[in-house]
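Input: a single structure, listed below in structure tokens.
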Amino acid sequence: MAQAEQNTQITPFSKLNLQASSDAWQRLGASMVALAMANANRAQSKQAPLPFDQAKLFRAASDVVRGAWSAPVNVMKFQAQAAKSWTEFSLDVTRQMFGGKSQLDLKPAKTDRRFRDSEWDENLYFKTIKDSYLLASQQMIELANEVLSLDEVARTRLDFLVRQYLNAVAPTNFAFSNPEVMRKSVEEGGANLIGGLANMISDLASDDAWIRREAEDHFILGEDIAATEGAVVYQNDIMQLIQYAPSTKQVYKRPLLYVPPLVNKYYLLDLKPASSLFKWLVDQGHTVFTISWVNPEKVHRDFDFGDYVVDGVVEALDVVREITGEPKTDLFSFCMGGAIAAGALGYLQAKGKSKHVSSATLMATLVDNSQLGEWGTFATKEQVEAFNHHVEHEGLISGSELKKLFSVVRANDLIWSSVLDHYLLDRKAPASDLLQWFNDGSNIPARFSRTWSRDVLADNKLAKAGGLKVRGVPIDLKKVKTPIFNLALHDDHVAGWQAVFETQNAFGGVVDFVLGGSGHNAGIVNPPSRNKHGYWLNSDKALTAEDWFVDAERFEGSWWPVWQEWLTSGKRAQEQTQARTPGNDKFKVIEAAPGSFVRR
């Protein structure tokens, strides 16, 4: 207590940084002028309808009342237990005030980084705030998930809203309940709060009126990130095709083709050289190609799922085959790109051309969307209608809107941590190649967006025989016999690993499942040199994800070498040939990688 009190004593005025305060006030004034101008411009422009229905989203609150009336006995038991817990909590705080030790076990989750400051445990004032928040959070989540009698859709929606509320009201988000903010405010005489207010107003004045998380020093495309040597060897209206230069004298015969998602640019797999999967694959002796999708504008509004399959993946496969002379290619893909790759496999199967693909790797991909988890909140009929109304009006769903959606689902990491750093501490984020990629969003055309939200997500047609048509051709993934390497990620917030596990039931051939550590993006960018995150293997074909995990063996390090062995040994063993430089006489180099499409 004495140390904590000493840390929060008010600094004498003579020691305050007057220059910092003056600079903060100047920034505040400039930000207010910028916001006034931005609001004036917005008032003159026609506002687009929101991409989601706020009223129906928050109508989940009424589910609480309905659920309470339908399970009054459960609610009464819950209330009695909650009252008992708060009585025990009050007695425990009193015990600590008189020098005793806490007898309650209230700890944040291991992945919760909000309460890392030592004063959350050492200073009784902050410890009481933290513990009361954790207790209330436990009870609200229990009420939403276990006590109320709700159907699965209503329960998922209510759980999502409860967690959003709890994230927003966390004591870490407010100046007078966060020890780190209080210390800095005392040290700087409040200059950090003035500067943070200037940052907030500046963000409100920006085009997307959203929290900016970029670091001051940016990476440069083609120099610091997306820097693996290569060239664009083909392009059409929907994509550029990049071939990477070899770094070995001999290469494996079968080339690799990457299918990226549409939400962000392709270079998640080509960040800094030390963490670039593309460079690592090239160094292992692979000939690597990647698709780089065009960043759509309104003129591209009619690009549909089938266009990305046929004019994107299938056409890229044709070019790869002509450049390398190899009849088969190994496909690999990530997230939404995996669903597009799956559509291509179904299309090629229906057209009698399945032998063009030797294997397909799906990373963090939902092929069967029957288990969307909290994303199901945005896949209801009402939300799909609102979303489609928005994209019809705009001609596309913008990258900034998609960034907001993904940020909301990971609010603690992508919103509230930035509120703390940007608005309360006035602290710039450290330079991050992964963060820069996340902020470099891409638009998605209106027609594709409608097909994706309605047919792929809401109606789950990709997983149904003949449910989805590609250029008029019904596809049936059960007829696809192509070997599949199915990678899920243990802490994935976008594609839950248990749902990704179900991919084994979507195809008609052999599907090998590997579970990597960490989350949706960080788990992919996991070079062996870091020896991080780990992975799980289990050769038994269990019926459920839970059964598979019980008997799975955990290994340290990266899943990359496991995939490399899968690609090159056993049934997929392959010879090597002389290294290939980008392009050939027919497909000449257009420009150096990363190309022009990624810069749009």
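The values are calculated or read from the model by the stated rules, or taken from the named source; none is laboratory data. Owing to the predicted nature of the structure, the values given are computational and were not obtained by experimental measurement. Ideal geometry is used to build each Cβ from the backbone, glycine not excepted, and the neighbour counts take in all protein chains shown. Ligands, DNA and RNA are stripped out before the accessible areas are found, and what is left, the full protein with its side chains, is counted by its heavy atoms. Shrake-Rupley method; radii C 1.70, N 1.55, O 1.52, S 1.80 Å.
Some notes on this structure:
- FRET efficiency for S539 and V299, using Cβ-Cβ distance with R0 set to 51 Å, rounded to 0.05: 0.55
- Other-chain or far-sequence residues with amide H under 5 Å of Y258's (modelled H): F289, T290, I291, F332
- Per residue, the convex hull spanned by the Cα atoms of the stretch 259-413 amounts to 147 cubic angstrom.
- Comparing F587, L269, V391 along the charge dipole axis of the chain, the residue lying farthest to the positive side is F587, per the Cβ-charge model.
- With 29 Å as the limit, the listed pairs K127/K184; K428/K532; K355/K381; K403/K461; K355/K403; K328/K469 have K355/K381; K355/K403 beyond it between alpha carbons.
- Acute angle (nearest 10 degrees) that the helix 60-70 long axis makes with the longest principal axis of the chain, alpha-carbon atoms: 70 degrees
- Separation between Cα centres of the stretch 531-557 and the stretch 303-365, rounded to whole Å: 28 Å
- Carbon + sulfur, % of accessible area of the stretch 551-600 - ligands and nucleic acids excluded, 1.4 Å: 46 percent
- When you filter the trypsin sites (Lys or Arg not before Pro) in the stretch 508-544 for DSSP loop state and at most 14 other Cβ atoms inside 10 Å of their Cβ, you are left with K541.
- Within the chain, percent of DSSP bridges classed antiparallel, to nearest 5: 50 percent
- Principal-axis analysis of the Cα atoms of the chain puts helix 381-394 at an angle of about 70° to the longest axis.
- Candidates per trypsin sites (Lys or Arg not before Pro) in the stretch 98-204, loop by DSSP, up to 16 other Cβ within 10 Å: K101, K110, R113, R116
- Spatially close Lys pairs in the stretch 209-300, defined by Cα atoms under 28 Å apart and a spacing of eight or more places or different chains, total 7.
- Value in Å of the Kirkwood radius, where the stretch 80-233 supplies the Cα pairs that are averaged: 19.6 Å
- For the pair the stretch 434-467 / the stretch 260-285, the C-alpha centres are spaced 22 Å from each other.
- Accessible surface of the stretch 402-467, 1.4 Å probe: 52 percent of it comes from carbon and sulfur atoms.
- Taking 0.36 nm per residue of separation and subtracting the current Cα-Cα distance, fully stretching the chain between E591 and V473 would add 39.0 nm.
- For the stretch 325-349, there are no residues whose amide N sits under 12 Å from a probe point set 7 Å from the Cα of D459 along the beta carbon direction.
- Summary: within the chain, the longest segment free of GluC sites (Glu not before Pro) located in DSSP loops with at most 14 other C-beta atoms within 10 Å is 298-555.
- Pairwise label distance in nanometres, E385 with K110, each label 7 Å out on the Cα-Cβ vector: 4.5 nm
- Using a probe of 1.4 angstrom and keeping all protein chains present, the accessible surface of the chain works out to 46 square angstrom per residue.
- The stretch 106-171, accessible surface, carbon-and-sulfur percent (1.4 angstrom probe): 51 percent
- Mean Cα-pair separation over length for the chain, i.e. relative contact order, pairs under 8 Å, 6 or more apart, %: 18 percent
- Karplus-derived HN-Hα couplings along the stretch 450-456 (A = 6.51, B = -1.76, C = 1.60, θ = phi - 60°), whole Hz, x at Gly and Pro: 5, 4, 5, 5, 8, 7, 7
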